[in-house]
Amino acid sequence: MSGDVNPFESLQEQIDDAAAHMDVGDDVIERLKNPERVLETNLSVELDDGSVGVFRAYRSQFNGDRGPYKGGIRYHPDVSRDEVKALSGWMVYKCAVVDIPYGGGKGGIVIDPREYSEAELERITRAFATELRPLIGEDRDVPAPDVNTGQREMNWIKDTYETLENTTAPGVITGKAIDSGGSAGRVEATGRSTMLTARETFDYFGKDLYSASVAVQGYGNAGSVAAKLLEADHGANIVAVSDSSGAIYNPNGLDAQKTKEYKNETGSVTGYLGAKEELTNEELLTLDVDLLVPAALENAIDGELAADVDADVIVEAANGPLTPEADDVLTERDVTVIPDILTNAGGVTVSYFEWVQNRQRFYWTESRVNEELERHIVEAFDGLVECYEAYDVPNFRTAAYVVALKRVLNASEEAGRWP
Ligand code: NAD
């Protein structure tokens, strides 16, 4: 992982790359390269031993031209102001590329949640929700889960908000448990859009996913569900997976579901008996495979590592897994990369469905959710290909940003400038 690449600078570079193919002034683009506002706050919370813990937290609202700010909340020791800004910007362009009526936001707390008890995490989460209260709302800013947060944290945030506002407003946050107003299909949505994007990409290039070799970096929510669906629905051969403990490999295929069950039981994928070999994460990323799915964190592949990547296709389940330098190297080497803002957009798309259901107080079946998701992702993929073929762009990422920037720019121009 390349720690010295600033993800916010990566985002700005990606926007500049796309703007270079469009008839738009630098002054207009400048606004779309920076957040509208960022909350930085220090949460002070009583810990179980009676001492006070102070936790830095952020919420970035990047752009709201197309609808309420939308984006997850991450708990991680590496959360920083620039990371949150970058992630909130990627949300703007992600929502635009799949054409759902949201802007982009993101939040995070600088914390290693493994070091705190559940009761402490609840107090920390509720303290953050209290700080967020003036900013969020069903029509203002709608958070969601991200790394190390899930239904439990979403339920706490919803409850804190509703209690303080003296109302019920399940649409204030998405990614909730079903009984608290969550949507069927939300947990699997990011892995599902990753699978759908891989399927459409293979189809476009006339390749077959059946028996295709697949390596997955990061075996959490996004990575493990993608692996499971690629294997179960398309007969792909998941040859390697990894998590922060290391990587495992079996050229004849690991059973995606059993590997996940093993990780759930033991906390890591290493040691799984269905593996033939253990690898380092770098070795996994440079395996000779048909499909590589980075599904961990940002900057997993830098320029140096990209020179050794031996996959034909990369679908980015994680946000920002390639540095801009890696992107250039892979474009040069003709490796197809389908960008994060489309590949992992299933999460926010089903969050959108959850919000729609919350607003209507009318809930859909899982099959309806999955059908609507497939329609959105396939339409977005077709739009991406159309742009890729029509514009003289170097890769699918730039094409995706052209599609997204155009939509954001149109909304922004139509709104006009005031005050
Ligand atoms: P998660 O916490 O469930 O899983 C992350 C996984 O990555 C874990 O298995 C962890 O061990 C592993 N990991 C961490 N560092 C690693 C490293 N250096 N090498 C290998 N593995 C490593 O998180 P998630 O929800 O699956 O999110 C993963 C990525 O997908 C993030 O970039 C996130 O922003 C993105 N994403 C997630 C969703 C969603 O709905 N879950 C939606 C959109 C984007």
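Things worth noting here:
- Our analysis of segment 180-311 gives Rg over Rh at 0.96, with the two radii drawn from alpha carbon positions and Rh computed by the Kirkwood formula.
- Amide H contacts of SER183 (H built 1.01 Å from N, under 5 Å, at least 5 apart or other chain): GLY175, LYS176
- Helix-only CD estimate at 222 nm, as mean residue ellipticity for the chain, using -39500 (n - 2.57) per DSSP H run (n ≥ 4): -14000 deg cm²/dmol
- Straight-line cross-link partners of LYS70 among the aspartates and glutamates, defined as a Cα under 15 Å from its Cα and at least 8 positions apart when in the same chain: GLU36, ASP99, GLU138, ASP139, ASP141, ASP146, GLU354.
- Amide H within-cut-off set for PHE62, under 5 Å, with H built and near neighbours excluded: GLU36, GLY104, GLY105, LYS106
- Ranking ALA240, GLN257, ILE100 by Cα position along the charge dipole of the chain, where only Lys, Arg, Asp and Glu carry charges on their C-beta atoms, puts ILE100 farthest toward the positive end.
- Of the cross-linked pairs LYS85/LYS276; LYS207/LYS260; LYS94/LYS276, those separated by over 32 Å at the C-alpha level are LYS85/LYS276; LYS94/LYS276.
- In order through segment 410-416: 3J(HN,Hα) via Karplus (6.51 cos²θ - 1.76 cosθ + 1.60), integer Hz, x for Gly, Pro: 4, 4, 5, 5, 5, 6, x
- Prolate/oblate/rounded call for segment 43-101, Cα gyration tensor, a/c under 1.5 rounded: prolate
- The fraction of accessible area contributed by carbon and sulfur in segment 257-405 is 43 percent, rounded to a whole number (1.4 Å probe; ligands and nucleic acids excluded).
- Here's the list of aspartates and glutamates a cross-link from LYS263 could span, going by alpha-carbon distance under 14 Å and ignoring same-chain residues fewer than 8 apart: ASP243, ASP255.
- Highest-fluctuation residue, PRO101, PRO321, PRO339 considered, GNM on the chain with Cα pairs under 10 Å: PRO101
- Charges were assigned to the Cβ only: +1 to each Lys and Arg, -1 to each Asp and Glu. The resulting dipole of the chain about its Cα centre is roughly 1640 debye.
- What the phi angles of segment 89-94 give under the Karplus curve with 6.51, -1.76 and 1.60, with θ = phi - 60°, is a coupling list of x, 4, 5, 4, 6, 5 Hz, glycine and proline written as x.
- Surface composition of segment 151-226: carbon plus sulfur atoms contribute 44% of the solvent-accessible area (1.4 Å probe, protein chains only, all chains present).
- Size descriptors for the chain, from the alpha-carbon set: Rg then Dmax equal 20.4, 64 Å.
- Probing with 1.4 Å while keeping every protein chain in the model, the per residue accessible area of the chain equals 40 Å².
- Solvent-accessible area assigned to carbon and sulfur over segment 24-143 amounts to 42 percent, based on a 1.4 Å probe.
- Backbone HN-Hα couplings from phi across segment 207-222 [Karplus 6.51/-1.76/1.60, Hz, Gly and Pro as x]: 9, 10, 6, 4, 6, 5, 7, 10, 10, 10, 8, x, 10, x, 4, 5
- For the chain, relative contact order (Cα pairs under 8 Å, six or more residues apart, normalised by length) works out to 17 percent.
- Scanning residues 5 or more positions from GLY218 or on other chains, those with amide H under 5 Å from its amide H are SER242, ASP243, ALA295, with H placed 1.01 Å from N in the peptide plane.
- Build a GNM of the chain with springs between Cα atoms under 10 Å apart, and of GLY220, GLY320, GLY89 the one that fluctuates most is GLY220.
The values are calculated or read from the model by the stated rules, or taken from the named source; none is laboratory data. Treat the numbers as computed from the prediction; the structure is a model and nothing was measured. FYI the Cβ positions are ideal-geometry reconstructions off the backbone, even for glycines, and counts take in every protein chain you see. These area figures cover heavy atoms from the full protein model, side chains too; ligands, DNA and RNA do not enter into them. Shrake-Rupley method; radii C 1.70, N 1.55, O 1.52, S 1.80 Å.
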